1. Evaluate the relative contact order of chain B (contact order divided by residue number), counting alpha-carbon pairs under 8 angstrom at least 6 apart; express in whole percent.
2. For segment B:13-104, would you read off the P(r) tail past 16 Å as a percentage of all alpha carbon pairs?
3. Report, in listed order, any pair from B:69/B:142; A:58/A:90; A:50/B:155; A:50/B:153; B:29/B:78; A:109/B:29 with a Cα-Cα distance greater than 23 Å.
4. Please identify every one of the GluC sites (Glu not before Pro) in segment B:126-180 that sits in a loop by DSSP and has no more than 16 other beta carbons within 10 Å of its own beta carbon.
5. Can you give the extra length, in nm with one decimal, that the chain gains between residue B:183 and residue B:26 once fully stretched, where that is 0.36 nm per residue apart less the Cα-Cα distance?
6. Can you name the helices of chain B, as whole DSSP H runs, whose Cα span along the helix axis is 27 Å or more and whose Kyte-Doolittle mean is not below -1.0?
7. Using a Förster distance of 35 Å, how high is the FRET efficiency between residue B:216 and residue B:173, based on the Cβ-Cβ distance and rounded to 0.05?
8. Looking only at Cα atoms, what is the convex hull volume of segment B:106-216 per residue, in Å³?
Amino acid sequence: MPPDKDPNRDAAAIDALIAFNLAHSEAENLTDEEILEASINGPFSEEARKIILNYTPKTSASIERSPVHAEETEMAGMYREGSDETLDKKVKEEIERRRAELRERLRRKEKGDV
Amino acid sequence: MNTPDQRLRLPDEDEIKLSLIDDDANARKPVVERLWLAFREPLMRSLGQNHPLLTLEDHADMAYDAVAKYCGDFRSRKDWENKPIYMVMARIAINLGRDRYKKVSLRWTREVDTVAAEVAEVVANTKCGEAWHAADKSTRAKISQIIRDEAAKMKPRQRQVASAFTLNWHKELTAKEARDFIFEQTGELLSLDQYKRALAEVRSKLGAPILQLLKDEGYAP
């Protein structure tokens, strides 16, 4: 079928494509490179600069978990705050193992091994 | 030239990570401030590009929340240990933006296939639709990016109108309904004239890449 010659239909089609392209998010499919590119060359106005320079956080460091990440952070709330004393033995061991791993990595970095 | 892995990496990332799994919660607190200062601008840039319809204030909230969330959850996330801090944080921020967007537009995000079908119906048998379908995938992706970049650069009022226009496209709101919608979202009541002028700007700026495509594909003089 040849394209319709009604200019109103074309104007409506342009509106539809604008709306679709703005609303349709590809965010979950972004590569690291695309994220870096946007982070370095994305828009940053004078107004945005003012907002972040004067920014006062509305949340504390232990913010409410978002539904999207709820499953990823299933364990997070269990030991986000406070000391290790309140932790389960297994969790404590895991944290200690990670600390040791990071300390070892830092030692090797200091020696110039990495 | 920096490789992708080196860009936006701090020289002391391992030290920072070690602080984040410190036994003492107080040792973790300064890290939030440190990472916020280091990464607030790139996070704002990334959010501006990926969520152009949200406000700059929203972007700042999401950028800060991403930093706080990274610091708060790091101890429980073994899988973050070997990843660059910024990359994890940027993905958290983008996901927070998606959540925020869902709150204002459940229909777009939950029924994206239905809306896509409605868009397809509207563009069917138009010059615009023909040109869109004739274009290859990379051309369409490029146009989509130009539209989003233009939206991100718009003035606040135009952004409000673009947001109302996009979120309610399928409802064909009257000018009054659209102005009421903007008022509900932002607390700002635009005059009819302000609304019309902003909408004309939005259509002109965001429609330009599509009109260019029509020309390139030979559908317009």
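Just so you know, all these numbers are worked out from the coordinates, no wet-lab data involved. Only a predicted model underlies this, so the values are computations on that prediction, with no experimental measurement involved. Cβ sites come from the backbone with ideal geometry, for glycine too, and all protein chains shown count toward neighbours.
1. Details: 166 pairs, mean separation 43.6, N = 221.
It comes to 20 percent, rounded to a whole number.
2. On the way: 2118 of 4186 pairs.
Beyond 16 Å sits 51 percent of the P(r) for segment B:13-104.
3. Values: B:69/B:142 32 Å; A:58/A:90 34 Å; A:50/B:155 15 Å; A:50/B:153 16 Å; B:29/B:78 20 Å; A:109/B:29 25 Å.
Check vs 23 Å cut-off fails for B:69/B:142; A:58/A:90; A:109/B:29.
4. Numbers: sites: B:130, B:150, B:172, B:177; in loops: B:172.
Those that pass, being in a loop and sparsely packed, are B:172.
5. Working: separation 157, 0.36 × 157 = 56.52 nm, distance 4.20 nm.
Extra length from residue B:183 to residue B:26 when fully extended: 52.3 nm.
6. Numbers: long enough: B:25-50 (35 Å, -0.42); B:85-104 (29 Å, 0.09); B:192-216 (35 Å, -0.22).
For chain B, where a helix must reach 27 Å along its axis and average at least -1.0, the hits are B:25-50, B:85-104, B:192-216.
7. Details: r = 32 Å, r/R0 = 0.91.
Using R0 = 35 Å, I get an efficiency of 0.65.
8. Values: hull volume 12.5 nm³, N = 111.
Enclosed volume per residue, from the Cα hull, is 113 Å³.
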